[in-house]
Every structure is written in C-alpha cells, then in structure tokens.
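Comments concern the structure below.
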Amino acid sequence: AALAPQAGAWMQKAPYSIQRVQEKLSRLKKPMQQVSAASAQIEKMATTDADAQKKTVVEVKRSRLSELLVSQTPDFMAQALMMVILLYFLLAYDQVFLMKLVKVLPTLQDKKRALSIAREIETCISKYLLMVTCINLGLGTAVGLAMFFLGMPNPVLWGAMAAAVNFVPYLGATVGIVAMALAALLSFDNVGWALVFPATYIVIAILEGNFITPMLIGHSLTLNPIVIVISLMFWGWMWGIAGAILAVPILAAFKIFCDHIEPLAPVGEFLST
C-alpha cells in the first residue's frame, strides 16, 4: 500500500515514456548510422557489379513493443489463469490422491513407502519455496540499496519490484532490467549515467542467478548445482515460464523418488551434491 502511489506515478508516465526514451537515444543513432554507412560503402567497393546484381535483399521487419505486448499478453494471462486453477485443485485434492495411491498399493511396506515419499516431497518443496523467497528478498534489498546510493528516485519501489519479478527465473530479471533502464533514462538527462543503473542491476542479477541461487538451493535440497541449471534450461525450453518455475520442484521430487526406489538409487546419487 505504501508503494502503490509511487508505482501508480510510474504507470501514468508509461504512455509517453517510450517516446522520451527514443528522443534521448536518438543521440546514439548518428554514430551508429555513420558506422553502418561506412560498412556498407566498404562492402559495396569490395563487391563486383555482377555479384551485386545476383544478391537478394532480405528485409526483416520487427514488431514494435506495443504489438509484442498485445500479442503475448493474452497467452500469458491464459497460462497464468490455468496455473492458478490447477494449483487450486492440486491443493484441494492432494490428500484424496494420496489416499487413493495408498489404497491401490498391494503391500503394507509399499503403502508406508508411498507415505514417506509424499511427506518428504512436501517438506523439501516447502524448504525450496522458503529459500527462494529469502533469496528474492535479499536481491530486492541489494537492488534497493544500490539504487539508493546511486541516486535513483524511489529506491524502495525498485527493490520491491526486483524481489517480486525474480520469482520468475530469467524472464523476471529481464523485465526488471528493462523497466530499470526505462526509468533511469526518464530520470536522468545523461544517457551514459542512466545506463549505470540497469548495468548495476545486471551485475547483481548475474551474481544471484549464477552463484548464490544454485549454491544455496543446491545445498538446501542436496542437489547438484549443475543439474539444477540443466533442469532450468530443459523445463524452460519445454514449458516456458511455467517450466522454469517448476523445474527445481520437479527435480527435487524426482530425486526423492529415486532415493526411495532401490533400482533408481544410483540416479538419485548422481543428482545429489
């Protein structure tokens, strides 16, 4: 509630923010155009007329940011809604599925093993969610403090934003960095100084994503950090944002399952630290 007025003020600036950013970045266009023109001239001098006639010009049209948001937002909202609905039913009927699993298993030993696996998975995933929340709070604090010392307006807001978006691996940090860059370009006239703020965010995000998170989550779940990174890449490729969010819980559940099944014990040992 305390950050809502600040966030609302930034949202009101959004319609004309892109135009102002483009105006500031137009200063950088001229040197880039000069370099591009020089490269084209050199290529033209090095190419014969015959070869030039045979070349086919390929024009790549890129959609604007607004078109991308309009096209992707409905799909994202639909996926988010389906995730919430599925989560609700999983939480509402988890005990029902567990009791049915225990009922269909033939022996008492199998029933005990199923209960043990289910309880251990619950405990492990709870620890994972707690650890991710603590890491995100630490990231938000680091970003907020960095913005405060660098002189960015509303540093608490940017720290809270960094903590919130980081629950979505990789994509969340990308969105936060882009938002930080736009806000810095709007707040400061010097383009070079404005780019220091997203650069600082990038450094903090790299340290968190490549060192702190794999090490802490790997330790809390006794998972190999390399396997965690591979799991994030695989499930992110398979299911996009949802897969990236579920990658580590799926990996942890699979390891616990392997630890309790004797033929799969070597696989569980390979996944552990």
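The values are calculated or read from the model by the stated rules, or taken from the named source; none is laboratory data. On a predicted model such as this, the values are computed, not experimentally measured, just so you know. Note that we place each Cβ from the backbone using ideal geometry, even for glycine, and neighbour counts take in every protein chain shown. When the accessible area is computed, the model is the full protein with side chains, heavy atoms only, and any ligands, DNA or RNA have been set aside. Shrake-Rupley method; radii C 1.70, N 1.55, O 1.52, S 1.80 Å.
Annotations for the structure displayed:
- The criterion of being out of contact with any Lys or Arg (no Cβ under 8 Å at 6 or more places or on another chain) and without any contact (Cβ under 8 Å) to a residue 60 or more places away in the chain holds for ALA118.
- Qualifying residue in the range 205-221 (condition: at positive phi, modelled with pLDDT under 90 and out of contact with any Gly (no Cβ under 8 Å at 6 or more places or on another chain)): no
- Residue in the range 160-179 that is among the hydrophobic types (A, V, I, L, M, F, W, C), farther than 18 Å from GLY209 by Cα and part of a helix (DSSP H, G or I) present: yes
- Failed item, numbered, when GLY159 is tested on (1) of a type outside the set (Asp, Glu); (2) more than 30 Å from ALA78 (Cα to Cα); (3) modelled with pLDDT of 80 or more: (2)
- So GLU269, is it within 30 Å of LEU150 (Cα to Cα) and acidic (Asp, Glu): no
- Checking ALA118, ALA173, ALA142 one by one, the residue that is among the hydrophobic types (A, V, I, L, M, F, W, C) and closer than 25 Å to GLN79 by Cα is ALA173 and no other.
- Qualifying residue in the range 208-228 (condition: assigned to a helix (DSSP H, G or I), free of Cβ contacts under 8 Å to residues at least 12 places away in the same chain, hydroxyl-bearing (Ser, Thr, Tyr) and surrounded by fewer than 18 Cβ atoms within 10 Å (Cβ to Cβ)): no
- Failed criterion for PRO153 (all others in (1) open to solvent by less than 80 Å² (accessible area, probe 1.4 Å); (2) in a helix (DSSP H, G or I) hold): (2)
- All positions within the range 245-266 that are in contact (Cβ under 8 Å) with a residue 12 or more places away in the chain and out of contact with any Phe, Trp or Tyr (no Cβ under 7 Å at 6 or more places or on another chain): ILE245, LEU251, ALA253, PHE254, LYS255, ILE256, PHE257, CYS258, HIS260
- In this structure, ILE121 qualifies as modelled with pLDDT of 80 or more, assigned to a helix (DSSP H, G or I) and within 18 Å of ILE250 (Cβ to Cβ).
- Test: ALA163 is within 30 Å of LEU271 (Cβ to Cβ) and within 20 Å of the chain's Cα centre (by Cα): yes
- Flag for VAL178 being farther than 17 Å from LEU207 by Cα and either open to solvent by 20 Å² or more (accessible area, probe 1.4 Å) or under 13 Å from the mean Cα position of the chain (by Cα) (or both): yes
- Restricting attention to the range 75-114 and to residues that are loosely packed, with under 11 Cβ neighbours inside 10 Å and β-branched (Val, Ile, Thr), the residue that is nearest to ILE261 (Cα to Cα) turns out to be THR107.
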